[in-house]
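The values are calculated or read from the model by the stated rules, or taken from the named source; none is laboratory data. Note that the structure is predicted; figures quoted are calculated from it, not measured. Every residue, glycine as well, gets a Cβ built from its backbone with ideal geometry; the counts of neighbours run over all protein chains shown.
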Amino acid sequence: MTGQPHHTDAQQYLPGMGKHWLLPIYDPFSRLAGVGRLHGQLMDRANLRSGQRILEIGCGTGNLLTALAHRHPDTVALGIDPDPAALRRARRKATRANLPIHYHQAFAGALPLPDDSVDRVLSAFMLHHLDDGERARALREARRVLRRGGELHVLDIDGTLSDRGKRVAHRNPRMAASVPERVLAALIDADLIRPATNGGGRAWFGRYAFYRAEAP
């Protein structure tokens, strides 16, 4: 997914499909790509429990949190994204399904939440959109808002485990940053503990990986 970054409040963000005018095909593309199945695997790994406060950074049109609210209706679901158009779609989904999901327009590097306020932070196919500095800020913010012993769970592309992926990563520094060892190093730099890969696989769009880490 490529495109030009867009600005909001003097910051940049890359829309989910790379260009704003492609947003209407984001959900059909996600269904075709089997992203819902991967969201389910991310939730399986996140050890979600009743009463937890769960934040998704880069929630887009709300597919993960919609599935989460159906599966775990006794949790508190929060989503942030810088894209107002994607958030409008996410809110419509929540309203139609009568799901109490709270969405806020914000960047992952400047979360509108107090310290030690969430039990889980989830991220699905978002980190590779960020450059090194933005990713570092986002992970530090995830660490800040996590309660002691809280967990970060990430699902993202792995751009280097195939020849095609290596060629793409060579052309795109953000793809190169999705090398597992660099993701794990970024988690350590953010003062998160016990960082680890947590499985992965291959879809028709390429390889993907799961990661986890904890707040000390």
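Taken as a whole, region 107-117 holds no residue that is at negative phi, within 16 Å of the chain's Cα centre (by Cα) and polar (S, T, N, Q). Among the residues of region 26-81, those identified as touching a strand residue (DSSP E or B) at 6+ places or on another chain (Cβ under 7 Å), under 21 Å from ASP116 (Cβ atoms) and charged (D, E, K, R) are ARG53, GLU56. Quick check on region 67-100: of everything there that is touching a His at 6+ places or on another chain (Cβ under 7 Å) and either surrounded by fewer than 18 Cβ atoms within 10 Å (Cβ to Cβ) or among the aromatic types (Phe, Trp, Tyr) (or both), which residue is farthest from GLY36 (Cα to Cα)? My answer is ALA85. When GLN4 is tested against the conditions (1) modelled with pLDDT under 95; (2) assigned to a loop (DSSP other than H, G, I, E, B); (3) under 19 Å from ILE157 (Cβ atoms), the lone failure is (3). Under the condition of being outside any strand (DSSP E or B) and modelled with pLDDT of 90 or more, the residues counted in region 202-216 number 2.
The set of residues in region 123-136 that are surrounded by fewer than 17 Cβ atoms within 10 Å (Cβ to Cβ), of a type outside the set (Asp, Glu) and in contact (Cβ under 8 Å) with a residue 24 or more places away in the chain contains only ALA136.
Return a yes/no flag: does region 47-64 have any residue that is at pLDDT 95 or above and over 30 Å from ALA190 (Cα atoms). No, there is no match, as no residue in region 47-64 is at pLDDT 95 or above and over 30 Å from ALA190 (Cα atoms).
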